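J.: Handing you this structure, nothing more for now.
The values are calculated or read from the model by the stated rules, or taken from the named source; none is laboratory data. Bear in mind that the values here come from a model prediction, so they are computed numbers and not experimental data. For neighbour counting, all protein chains shown are included, and Cβ atoms are generated from backbone atoms with ideal geometry for every residue, glycine included. When the accessible area is computed, the model is the full protein with side chains, heavy atoms only, and any ligands, DNA or RNA have been set aside. Shrake-Rupley method; radii C 1.70, N 1.55, O 1.52, S 1.80 Å.
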Amino acid sequence: MAAKRKGDLRAAIARLLATVAESDASVARTLRKPTTAAKRAKLEKKTGELPSEVHAWFAAHDGQSGSRAIGPSESDRLLGVEEAIDAWTFLEEEGHAPWKSSWLPLATNGAGDYLVIDRSSGALLGYQHDARARPKRAASLVAWVETIEQAWTSVAASTKASAAPEGWTATTSPKAGALKKKPAGTAYLFRATA
């Protein structure tokens, strides 16, 4: 079963990265190249054994540069391996309870809150620095990735131009001179009359 989940995760990550690139090139440009096996080994040495999903996750990217969120309805930016080590170390030493060593930060909102994977269950939890609650954000990394991909797909679908309603004809947007004759905000669909 673990191999199937890993395969599903790789496919889900590939779809997500393709959807991000298609939907918002500026977000896609923030994604760093995949990590090396040596970097993933360093993460494992510092934080403990990594499930295959985490290896697959970091084999696909090394987080994001800048502060852009990975999803259109997310506030979280993906962490790279070094950032995940730093965040885990900080939370291990100074994190607010409840905190478990089996949790590994994968993303942050930049304000001290993290999206962590519980390595014992595979669930993704929200670690909020100013709250005791650790809400479950997704049952698995695959489920979370699919949720982000679906959000991008929904945004892309909602921003595509749609056809004119039945019985209406679309016209092109007016030029500057035409706006002098018709005020801005005039609807530029008109009902066909016979």
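J.: Kindly provide the set of residues from the range 41-67 that are in contact (Cβ under 8 Å) with a residue 40 or more places away in the chain, assigned to a loop (DSSP other than H, G, I, E, B) and surrounded by 14 or more Cβ atoms within 10 Å (Cβ to Cβ), ordered by number.
T.: Within the range 41-67, Leu50, Pro51, His61 meet the criteria.
J.: Which count do you get for residues in the range 2-40 that are under 25 Å from Ala87 (Cα atoms), out of contact with any Lys or Arg (no Cβ under 7 Å at 6 or more places or on another chain) and outside any helix (DSSP H, G or I)?
T.: Adding up the residues that qualify gives 7.
J.: Within the range 77-96, track down each residue that is buried (at least 22 other Cβ atoms within 10 Å of the Cβ) and assigned to a loop (DSSP other than H, G, I, E, B).
T.: Selection gives Leu79 alone.
J.: Another one. How about the range 97-137: which of its residues are touching a Gly at 6+ places or on another chain (Cβ under 9 Å), assigned to a loop (DSSP other than H, G, I, E, B) and open to solvent by 50 Å² or more (accessible area, probe 1.4 Å)?
T.: Answer for the range 97-137, where residues must be touching a Gly at 6+ places or on another chain (Cβ under 9 Å), assigned to a loop (DSSP other than H, G, I, E, B) and open to solvent by 50 Å² or more (accessible area, probe 1.4 Å): Ser101, Gln128, His129, Asp130, Ala133, Pro135.
J.: Let me ask something else about it. Check Arg32, Arg77, Arg40, Arg68 and return the single one that is closer than 24 Å to Gln150 by Cα and touching a helix residue (DSSP H, G or I) at 6+ places or on another chain (Cβ under 8 Å).
T.: Answer to the check: Arg68.
J.: Here's something else I'd like to know. Report, by residue number, each residue of the range 138-157 that is small (Gly, Ala, Ser), out of contact with any Leu (no Cβ under 7 Å at 6 or more places or on another chain) and either open to solvent by less than 50 Å² (accessible area, probe 1.4 Å) or at positive phi (or both).
T.: Ser140, Ala143, Ala151, Ala156
J.: Please find, within the range 1-50, the residue that is modelled with the lowest pLDDT out of those that are farther than 18 Å from Ser120 by Cα and of a type in the set (S, T, N, Q).
T.: Of everything passing the filter in the range 1-50, Ser23 is modelled with the lowest pLDDT.
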